Structure formats: structure tokens, C-alpha cells
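Since the structure comes first, as C-alpha cells, the remarks are kept for the end.
The values are calculated or read from the model by the stated rules, or taken from the named source; none is laboratory data. A quick note: this is a predicted structure, and the numbers were derived from the prediction, not measured. Please note: Cβ atoms are built from the backbone with ideal geometry, for glycine as well, and neighbour counts cover all protein chains shown. Surface areas here come from the heavy atoms of the whole protein model, side chains and all, with no ligands, DNA or RNA. Shrake-Rupley method; radii C 1.70, N 1.55, O 1.52, S 1.80 Å.
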Amino acid sequence: MILYLHGFRSSPQSFKARLLAERMQQLGRADDYLCPQLPASPAAAISLAQDCIKHCQPADLTLIGSSLGGYYATWLAEQIGCRAVLLNPAVQPPRDLEKYIGVSTQYHSDQPFEFKREYIPELQALQIDRITRPERYLLIAATGDEVLDWREMVGHYPQARQVVIEGSDHSISEFAAYADTVLTFCSIPLSAGAAGSDV
């Protein structure tokens, strides 16, 4: 089972989320992939994620988190003991999201998106200062991330498996080249001659 947690102001319509959904469908595993629309409230987002995975055994579950979703995935993985893949994860969102307090719109629609000041303490409650069992984690970080500092990501996940992409961007535009690497880490068997590359 894979639960994908999208980033701030993002949605299940994000490029990476849709690409993984399509790949899982190709592998006949569409029912083992979930990517819900997360609410703006971090506490509510965590509650929704917990509800999605309440029947999953930790050994059968991998969380994939992009940007802010990576922050959520890290907290959940530490609580549950499951695997987590972090894609350009946010490491200090209580600091970084202060400037986004107020109303904006979602990236993939014109829907209003309000990030309230009271969400900052909710984020602070989810802070993981040091991960345990780094073998449970796969970090994919791009040095060209224009939103978050890849060096903070690398430093926050010591001894985890790390793939550092030279260049690229916050969205990891060439994510298709890494999709099967992610799915292999998730213990998803790949069909013979499957597309994509393992790095």
C-alpha cells in the first residue's frame, strides 16, 4: 500500500502524484495507491492520512511525501514504523510557511486556499528532530530546488538512502526517471521490461 501526501497548495493532480498513479495502474496495483486531497490544517491533514492507513500493517505500507507532504510523511513514519519516501521534503515548515499565512489559490485549480496563523503551532507539533531507523527512508533531493534548501534535506535524513539530483527543480521535473526507483523501495514488484530507470 502506498499513501502519497502532496505538498503545500498542491493536490492529487500534481505531476508526480499522477505519474505514480499511472505507473501503479500499469502494474495492476491501482487499488494499492491512494492520494487524497489534504486539508490546509496540518492537524486535519494528519488525521485524514491516519484514517486512510488505519487498516494497513506497517510492513505493508509506504508513505510518499512531496514538499510539505514529506514533513507529514516523516512524522507519520516515526509514529507507525513504516517506510517513507521523501521528495524534496520540507524540513522546517513552521519557519518557511509564515510568509504564506492568508488566502491564496491551489496550484491546480482556482479554489481558494487559506493558511491560518493557528496552523503554525500544528506544524510545530509534528516536528521530528532526529529520525530513527534511517533504513526506512529514501530521500530524493534536487540541488536546483528553488523553494527549499536541498542541504537541509540531506542533513535531516542522515544515513538514509539518498538520491541527490544535480540541478532539476522543486517539482523534480524529470521524476519519471526515478518512479521505478521509488516503487522498488516501496516493495512494489515491477513487471518485466517495465519502463523507467533505477538509479
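Brief remarks on what is shown
- Fully extended contour minus Cα-Cα distance, from Asp31 to Leu190, at 0.36 nm per residue: 55.7 nm
- Taking the DSSP bridge list for the chain and keeping only pairs wholly inside it, about 15 percent are antiparallel.
- Listed by number, the DSSP H helices of the chain that run 30 Å or longer by alpha-carbon position along their axis and have mean Kyte hydropathy of at least 1.0 come to an empty list.
- Nonpolar atom fraction for the chain, defined as the carbon and sulfur part of the 1.4 Å probe accessible area, stands at 49 percent.
- Estimated FRET transfer efficiency when R0 is 30 angstrom, pair Glu174-Asp110 (beta carbons, to 0.05): 0.60
- Top of Asp96, Asp110, Asp180 by mean-square fluctuation, Gaussian network on the chain, Cα under 10 Å: Asp110
- Probe 1.4 Å - accessible area at Trp75, Å² to nearest ten: 50
- Charge tally in the Cβ shell below 14 Å around Cys52, where Lys, Arg are +1 and Asp, Glu are -1, Cys52 excluded: -3
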